Amino acid sequence: MQYKAVIFDLDGTLLNTLDDLADSANRALAARGFPTYTVDEYKYFIGDGAEMLVRRALPEGARDDAAVFGVLDAFKEDYSRNWNVKTRIYEGVNDLLSAVEGLGVRKAILSNKPHEYTLLCVEEYFAPGTFEMVLGMRPEVPKKPDPAGAFEIVQSLSLKPEECVFLGDSSTDIHTAKNANMLAVGALWGFRTADELTQAGAQVEIRTPMELMNHLKR
Ligand SMILES: O=C(O)COP(=O)(O)O
């Protein structure tokens, strides 16, 4: 039997958004006199939403609300102007999306990126109608790894969770998949390591997007 839908994570899975996120966050930090980080260090700050990114980037002794929300506002303002400077689709992702489409398997996105930026990115980098549903992080819905967003997608597609595959690049995504009772597939080209995905309980790990096609039958 074939899975009926794939839910994709966005940052680090479909799009390499690392540089633009890091550049915006570094400018927001520097403007307030806080230390900045290398682009690679941001791989561990991204994945649990914009507020968490800022909390992780601020020095431990400076995570009071005024600092967090000051830097968060500055980061969002900067990112709203610079979200598509260096961001690119990962190699092989377009081929995968076409192949999934060709099989008649449905596609959706669930991201912890703020919803408005998730929509902007998807509109810019993917053909209209590629995804039936695109959900970013919305204040009223618990973020990944809570399965609420994943359940919202399956309900709206009239599917059962076990008919879905969840593909993501971080432990947050793997935990989301498991919490939602979906096949948990780890993307090894993203921001985190194979060790992290294995420890989180990934059922499958793939090195290139097209490898997902080998796992759409169960
Ligand atoms: O921007 C984030 O924190 C995470 O976004 P993602 O869920 O698409 O990886």
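For segment 152-207, the orientation-averaged shadow of the C-alpha convex hull comes to 3.5 nm² (one quarter of the hull surface). Multiplying the residue separation of Arg63 and Glu91 by 0.36 nm and removing their Cα-Cα distance gives an extension gain of 6.4 nm. Projected onto its three principal axes, the C-alpha set of segment 11-53 covers 33, 17, 13 Å, listed from the longest axis down. For segment 18-82, a Kirkwood hydrodynamic radius built from all Cα pairs, placed in the Stokes-Einstein relation at 25 °C and 0.890 mPa s, yields a translational diffusion coefficient of 217 µm²/s. Label point of Ala31 set 7 angstrom out along Cα-Cβ; within segment 73-111, amide nitrogens under 13 Å from it belong to 73-82.
If you build the Cα gyration tensor of the chain and take the root of 5 times each eigenvalue, what three semi-axes come out, in whole angstrom, biggest first? Working from the Cα gyration tensor, I get semi-axes of 30, 17, 16 Å. The modelled label-to-label distance for the pair Ala194/Ala99, using points 7 Å beyond Cα in the direction of Cβ, is 1.9 nm.
Extension gain for Asn181 to Gln2 (0.36 nm times residue separation, less C-alpha to C-alpha distance): 62.8 nm. If you wrap the Cα atoms of segment 89-218 in a convex hull and average its projected area over all directions, you get 7.3 nm².
A short reminder: the numbers here are calculations on the coordinates, not readings from a lab. All figures in this text were calculated on a predicted structure; none of them were measured in a lab. Heads up, the Cβs are rebuilt from the backbone with ideal geometry, glycines too, and the neighbour counts pull from every protein chain shown.
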